[in-house]
1. Among the candidates L98, L115, L92, L124, which residue alone is farther than 30 Å from Q13 by Cα, of a type in the set (A, V, I, L, M) and loosely packed, with under 10 Cβ neighbours inside 10 Å?
2. Among the small types (G, A, S) and closer than 13 Å to L34 by Cα - does that describe any residue in the range 53-64?
3. For the subset of the range 24-37 comprising residues that are surrounded by fewer than 16 Cβ atoms within 10 Å (Cβ to Cβ) and not charged (D, E, K, R), which member is nearest to the chain's Cα centre (by Cα)?
4. Give the number of residues within the range 69-87 that are within 15 Å of L21 (Cα to Cα), among the aliphatic types (A, V, I, L, M) and over 19 Å from the mean Cα position of the chain (by Cα).
5. Out of all the residues in the range 96-108, is one or more touching a residue at least 40 places away in the same chain (Cβ under 8 Å) and of a type in the set (A, V, I, L, M)?
6. Out of the range 12-63, which residues are under 14 Å from K79 (Cβ atoms) and not hydrophobic (A, V, I, L, M, F, W, C)?
7. I want to confirm something. Restricting to the range 47-89 and keeping residues that are within 17 Å of S7 (Cβ to Cβ) and of a type in the set (D, E, K, R), which single residue is surrounded by the fewest Cβ atoms within 10 Å (Cβ to Cβ)?
Amino acid sequence: MNRKTWSGNFRAQPRAARGWLLSATGAMPVEVHLTGVDLPADAGPGVLTAAPIDRIDIDWSVDGASVALSQAGTVLRLKARAAFVLEPRPELYRALPLETFAPKSRNFWKRIFLLVRIPGGRLLLQYIARRARA
């Protein structure tokens with residue numbers, strides 16, 4: 001069995017198919033994705049969203065994940081089919097000699113991605129690219 005604990009200020013958001021997203025609102029952006037969550041029978045529909053979650057304990061096993069959520073002095077125990085955690089580790093990449101864009105290149109690509117997001121921007125970029133090739 002594998003176990004992990006996080007402390008902080010988490011908020012819960014419901015997802016499709018009995019899923020939940022637990023995301024940290026503090027300095028460490030941790031996201032816990034739970035799928036196939038079975039809420040206890042005595043828990044109401046808004047039990048996870050009623051108060052911020054202070055602590056998350058996850059025990060992974062071959063059957064799924066057992067999740068304990070500490071919320072306003074009470075502990076809510078859940079059973080989930082799967083639990084996925086996104087926990088960024090910026091210190092891992094600091095030592096790597098990764099390439100970075102020069103300021104002019106960075107501004108160019110920011111403008112391109114801004115154009116792509118607006119309606120019709122992709123067509124405009126295709127038109128400009130065709131004219132530049134000719």
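Coordinate-derived values only; no laboratory data. If you're wondering where the values come from, they're calculated on a predicted model, not measured in any experiment. Because the Cβ atoms are built from the backbone with ideal geometry, glycine has one as well, and the counts that use them run over all protein chains shown.
1. That would be L98, the only listed residue that is farther than 30 Å from Q13 by Cα, of a type in the set (A, V, I, L, M) and loosely packed, with under 10 Cβ neighbours inside 10 Å.
2. For the range 53-64, residues among the small types (G, A, S) and closer than 13 Å to L34 by Cα: present.
3. P29
4. 1
5. no
6. Those that are under 14 Å from K79 (Cβ atoms) and not hydrophobic (A, V, I, L, M, F, W, C): R18, G19, T35, G36, D38, P40, D57, D59, S61, D63.
7. E87
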